[in-house]
Amino acid sequence: MTPNTQQILRDVLNLPPVDRAELVEKILASFEFPADEDIDAAWAKEAEERIDAFERGEIGSTPAIEVFKDIDHLHRHPDSWKRRLNSI
């Protein structure tokens, strides 16, 4: 990073979180990523298939409270995700 960029980063890190988030959004929006319609179509198809499978009872869901408990546990015990992956 150039010294100028480093100074900008220091200044940005001193901003309130909401301002930093808005800045990140604007910076990311400045990149002109080409739209990949094939990827968008594939994700839309996957989402529809998952919804259909759920409605047919082929797959279940996990209550949000359980998901958040798992996230909290993984946050408090960072190495536990390795044990969880090894058990799959």
Could you give every pair whose Cβ atoms fall below 8 Å, whose first residue belongs to region 1-13 and is at pLDDT 95 or above, and whose second residue is loosely packed, with under 10 Cβ neighbours inside 10 Å, counting only separations of at least 6 or pairs across chains? none
Considering residues of region 71-88 that are among the polar types (S, T, N, Q) and either outside any helix (DSSP H, G or I) or surrounded by 10 or more Cβ atoms within 10 Å (Cβ to Cβ) (or both) only, the residue modelled with the highest pLDDT: S80
Residues (surrounded by 10 or more Cβ atoms within 10 Å (Cβ to Cβ) and assigned to a helix (DSSP H, G or I)) located in region 6-20: Q6, Q7, I8, L9, V12, D19, R20
Qualifying residues in region 21-70 (those that are outside any helix (DSSP H, G or I) and among the aromatic types (F, W, Y)) - the one farthest from L9 (Cα to Cα): F33
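The values are calculated or read from the model by the stated rules, or taken from the named source; none is laboratory data. Values in this document were obtained by computation on a predicted structure and should not be read as measured data. Cβ: placed from backbone, ideal geometry, glycine included. Neighbour counts: every protein chain shown.
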